[in-house]
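What follows is a short report on a single structure.
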Amino acid sequence: MSLNAQWTERDLRAVWHPCTQMKDHERLPMVPIRRGRGVWLEDFDGKRYLDAVSSWWVNVLGHANPEINARVKAQLDELEHVILSGFTHRPVIELSERLAELAPPGLGHCFYADSGSAAIEIALKMSFHYWRNCGRPEKRRFLTITNGYHGETLGALSVSDVGLYTDTYRALLLDVIKVPAPDCVGLPREQWETHAETMFAPMEAALAEHADELAAVILEPLIQCAGGMRMYPPGYLRRLREACDRHGVQLIFDEIAVGFGRTGTLFAAEQAGVGPDYLCLSKALTGGYLPLSVVMTTDQVFDAFYDDYERMRAFLHSHSYTGNPLACAAALATLALFERDQVIETNRAKSAAMARASAPLRDHPQVGDVRQTGMVVAIEMVADKATMTPYPWQERRGLKVFQHALSRGALLRPLGSVIYWMPPYVISEEEIAWLGELTAECIEVAT
Ligand code: PLP
């Protein structure tokens with residue numbers, strides 16, 4: 001029995017995997033990974049896979065990055081963890097200062113947690129609580145756009161709109177207002193801004209109608225990732241910031257997936273030239289090393305909670321591993337590398353290489369749309385190109401892509417029929433070109 005087979009057998013007896021129908025593994029391989037180097041993962045039998053999805057969008061600077069490894073190891077010898085209530089430590093202080101320098105202006109207060117979903121829960125609770133502390137408890141609802149995804153905990157699911165994850169739990173979820181998303185699937189780039197302008201009308205109407213009961217609007221800036229890599233332009237965010245201010249509603253940007261360079265700028269919000277009241281970050285924050293998330297917010301929010309204890313206005317939310325020093329050290333190393341290696345600038349050439357490698361896929365009869373924002377390319381397979389008719393989800397075309405890519409040595413994990421590339425930024429232009437050829441092959445096999 002191969003080493004892969006031995007580990008897989010043990011795994012399937014003991015591990016229940018996320019986002020997985022375990023019965024699929026009666027016929028699908030489980031891939032036991034022994035080690036990672038740069039963009040490559042290697043299994044126990046020595047086969048290598050290009051990690052084209054950055055291991056769920058977290059790994060931006062490569063696996064086993066020497067600088068991040070060194071910083072985490074050094075931190076390990078100093079302090080592995082300490083309670084963050086009443087106590088603090090150097091990495092969390094330095095990280096908070098650095099994030100405040102890098103984020104859109106005015107977000108000077110960092111509240112930490114350990115997953116993206118937890119950051120969303122915090123932003124929702126904080127906004128709800130902010131209005132209570134301001135004497136406006138009736139402002140307790142949330143507004144979002146369709147097709148969003150913000151995580152799997154109940155609050156995060158409530159403001160999400162991907163039926164695959166939300167439908168089963170509907171009875172447990174908050175009553176959230178949703179308006180049609182401005183996504184530009186199938187539209188040429190030059191029409192994106194006009195489309196988004198038109199699509200702002202329902203958002204404006206919902207804000208006007210519900211302002212008195214709304215705490216905040218929440219959305220993913222520029223790319224709705226788990227909803228199918230649906231993209232829209234910055235103008236929508238500019239209008240949204242202005243309208244939220246006009247209607248007295250707070251704004252939450254979920255940059256958990258798009259933060260740290262994915263859209264071509266360090267934060268997607270930069271492209272709109274606006275900042276939110278709450279900025280949620282996680283995933284690439286630690287270079288994909290360790291679980292850490294943060295909600296960054298303003299003086300105005302912080303001050304609404306700052307009072308004598310007896311007045312019971314404090315934000316008493318907590319998680320055991322809040323602001324873990326090892327994770328903060330990984331984040332500091334990651335941010336130092338962004339600066340040293342000029343990652344945002346270097347990515348421009350890689351983003352252009354991704355555009356070149358994906359362009360030929362547009363001509364395939366079963367490809368309805370190829371879209372790109374920064375370091376994300378999405379290729380949408382369709383049953384009928386003229387009408388953009390999707391494949392029935394039961395046909396699991398994406399799974400066929402996944403299987404073929406795996407056999408050829410790549411980790412591609414489509415969202416339904418949407419294949420996407422979201423590789424670590426250390427990918428080379430040759431590897432990007434290969435990914436283009438491999439994707440063409442996968443589409444042939446799957447359609
Ligand atoms: N928000 C967005 C935009 C995400 O893409 C995700 C995860 O994919 C989350 C929140 C939830 O993050 P986590 O999986 O760390 O809970």
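No lab work stands behind these numbers, since they all come straight from the coordinates. Only a predicted model underlies this, so the values are computations on that prediction, with no experimental measurement involved. Reconstructed Cβ throughout: ideal geometry from the backbone, glycine too, with neighbour counts over all protein chains shown.
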Practice prompt. Sticking with the crude label model, points 7 Å out along Cα→Cβ, report the distance from E437 to A14 in nm, one decimal please.
Written response: 4.1 nm
Discussion item. Within 12 Å, Cβ to Cβ, of A5, how many net charges do the neighbouring residues add up to if Lys/Arg are +1 and Asp/Glu are -1?
Written reply: -3
Response to the item:
Candidates V418, V82, V367; GNM for the chain (alpha-carbon contacts under 10 Å) flags as most fluctuating V82
Worksheet, complete the sentence: Computed about the Cα centre, the charge dipole of the stretch 68-339 from +1 Lys/Arg and -1 Asp/Glu charges at the Cβ has a magnitude in debye, to the nearest 20, of 240 debye
Worksheet item: List the trypsin sites (Lys or Arg not before Pro) in the stretch 109-180 that DSSP assigns to loop (not H, G, I, E or B) and whose Cβ has at most 12 other Cβ atoms within 10 Å. Which are they?
Response: none
Discussion item. If you restrict to DSSP beta bridges whose two residues both lie in the stretch 68-339, what percentage is antiparallel, to the nearest 5?
Written reply: 45 percent
Worksheet item: Membrane-span-like helices in the chain: DSSP H runs reaching 20 Å or more (Cα, own axis), mean Kyte hydropathy at least -1.0?
Response: 116-133, 325-340, 343-358, 429-446
Worksheet item: When the chain is treated as a GNM, springs tying every alpha-carbon pair under 10 Å, which of G116, G288, G38 comes out with the largest mean-square fluctuation?
Response: G38
Worksheet item: Cα extents of the stretch 68-339 along the three principal axes, largest first, in whole Å?
Response: 55, 48, 38
Worksheet entry | Summed side-chain charge close to D43 - residues other than D43 whose Cβ falls under 11 Å, Lys, Arg +1, Asp, Glu -1 | +2
Worksheet item: Along the Cα-to-C-beta direction of A359, a point sits 7 Å from the Cα; which residues of the stretch 419-435 have their amide N less than 19 Å from that point?
Response: 421, 429-435
Worksheet entry | Cross-link partners of K385 among aspartates and glutamates (Cα-Cα below 19 Å; sequence separation of 8 or more within a chain) | D183, D363, D369, E395, E441, E444
Worksheet item: So how far, in whole Å, is the C-alpha centre of the stretch 240-304 from the one of the stretch 146-220?
Response: 16 Å
Practice prompt. DSSP loop (so not H, G, I, E, B), at most 15 other Cβ within 10 Å: list which chymotrypsin sites (Phe, Trp or Tyr not before Pro) in the stretch 1-97 pass both filters.
Written response: W16, F87
Worksheet item: Where in the chain lies the longest segment free of GluC sites (Glu not before Pro) that are both loop residues by DSSP (not H, G, I, E, B) and have at most 13 other Cβ atoms within 10 Å?
Response: 139-447
Worksheet item: Any idea which of A100, H81, L187 is furthest toward the positive side of the dipole for the stretch 68-339, if Lys and Arg beta-carbons carry +1 and Asp and Glu beta-carbons -1?
Response: L187
Worksheet item: Which pairs, out of K283/K400; K73/K283; K178/K283, put more than 24 Å between their alpha-carbon atoms?
Response: K283/K400; K178/K283
Discussion item. Nearest 500 deg cm²/dmol is fine: what mean residue ellipticity at 222 nm does the chain get from its DSSP H runs of n ≥ 4 alone, each adding -39,500 (n - 2.57), divided by its residue count?
Written reply: -11500 deg cm²/dmol
Practice prompt. Put one equal scatterer on each alpha carbon of the stretch 171-251, apply the Debye formula with no solvent term, and list log10 I(q)/I(0) at q = 0.12, 0.19, 0.27 1/Å to two decimals.
Written response: -0.36, -0.85, -1.37
Discussion item. Let's test the formula: R0 of 51 Å, r as the Cβ-Cβ distance of S318 and R238. What FRET efficiency results, to the nearest 0.05?
Written reply: 0.90
Worksheet entry | Cα centroid of the stretch 21-83 to Cα centroid of the stretch 332-348, whole Å | 20 Å
Worksheet item: From the residues A211, H247, G228, which one has its Cα farthest along the dipole of the stretch 199-296 in the positive direction, the dipole being from +1 and -1 charges on Cβ of Lys/Arg and Asp/Glu about the Cα centre?
Response: G228
Discussion item. So if I place +1 on the C-beta of Lys and Arg and -1 on the C-beta of Asp and Glu, and nothing else carries charge, what would the dipole magnitude of the stretch 22-158 be about its Cα centre? I want it in debye, nearest 20.
Written reply: 460 debye
Worksheet item: Summing +1 for each Lys or Arg and -1 for each Asp or Glu, what net charge is found among the other residues whose Cβ lies under 11 Å from the Cβ of G155?
Response: -1
